[in-house]
Amino acid sequence: MNKEHILKICNLILRHSLQIQRKEKVLIHLIGSYNHFIGVLHQQIYQIGAIPFLQITPPEILKSTVNHSTPYQILRIFDFNYHTIAKMDAIITITIDNNLFEFGDIPPQKRKVYEELYDNPIERLILSKKRWLTFNYPSESYAQRAKLSYDAFVRTFIKACEFNYKLLESSCDSLQARMQKAKTVQIKASDTNLRFNLEANPVVVCDAKHNLPDGEIFTSPNKDSAEGYIRFDAPSIFKNIDFEFIELTFRNGKVVNARSNNDKELFKILQIDKGANRIGEFGIGLNTALIEPLKLLPYDEKIKGSIHLALGQSYPESYNKNDSKIHWDLTKTMDKDSKGELFFDNQLIQKNGVFITHDLKHLNHL
């Protein structure tokens, strides 16, 4: 990534996403190894007149903490970081993965204790702040999973980040209004026929205020309404488990049958708690720079014309009373190969990943 691209992305983060002002305190939390991008971002915060704080957690150290710390030690670490984060005006979390499966050999019980005592409460604290941003910076492991060269993956990342988010925000009124008004949603494809109800929960346009790359619109369904079946074709890594595909059948909003390339682990996830097998989010991808799965969830759920459903926790911005320890976004492409169709109140609004109604066609060309 050259200097010009780095500066553009830093400017997007600091001025568009977080709107950093002079004298504000900004935490950069890097999970991974330091690189030039971090240095430039750090300098740009100084140039604004704000105060940067840099916290670097190498994967090896994080893994050692999860593996070897006692609950008492985890809570003391939590106390320190909680008070640090609470004092910040904005938080930037950057993950650079050199091995997507690095934490796969941590005993499940160890991981569970760390998530409950540290990860989950820290995440709730960050989400309670209005200004936070998180993203997965391009790495060779991401490129390998996407079956791309590193340079090709970086070009895709840059293009997706340079998507016109201001235009997106101003162009979504018609889709936002349709989703807000709709009573039912039906997703149909060659391997899918799923229907659920919406209940006027807020509809949120995601325009790079919290994620990079971004570009989606979401709401939440009635948690007890999903009926039918769906196959998610975008591969997903969740809790260091690789899922190439997932098929789910719903009755009265609950998953009653599930199939994947790893059924045993899928069943464990669905049984984590009562909310893990119900839908907490329904979203549509709008980033025209992303056209096919890269096998990296934060990117794939933004694919142009795709849909995604999240199992588990519903976001506070559009809360449907589904609570869970997990929030797992699952993406389905809706292109010609899938023969995808999306209906609001029995009206076809999208076919083969392309909006077809007069008031939505402009979203195909953002």
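Of Asp273, Asp224, the residue with the largest accessible area leads and the full order is Asp224, Asp273 (1.4 Å probe).
For region 1-133, with all protein chains in place and a probe radius of 1.4 Å, 54% of the accessible heavy-atom surface sits on carbon or sulfur.
Maximal additional length on extending the Gln109-Leu75 stretch stands at 10.6 nm, based on 0.36 nm per residue less the C-alpha distance.
Take every DSSP beta bridge whose two residues both sit in the chain; close to 70 percent of them are antiparallel. Using a cutoff of 8 angstrom between alpha carbon atoms and counting only pairs six or more residues apart, the relative contact order for region 130-274 works out to 17 percent. Over region 241-317, accessible surface divided per residue gives 38 Å², non-protein components excluded, 1.4 Å probe.
Listed values (i) 25; (ii) 17; (iii) 29 include one computed from this model; for percent of Cα pairs over 34 Å apart that value carries the label (i).
Suppose all protein chains stay in the model; what accessible area per residue would a 1.4 Å probe give for region 8-140, in Å²?
Details: 6990 Å² over 133 residues.
Computed with neighbouring chains in place, this is 53 Å² per residue.
The values are calculated or read from the model by the stated rules, or taken from the named source; none is laboratory data. Note that the structure is a prediction, hence the values are computed from the model and not measured. Surface areas here come from the heavy atoms of the whole protein model, side chains and all, with no ligands, DNA or RNA. Shrake-Rupley method; radii C 1.70, N 1.55, O 1.52, S 1.80 Å.
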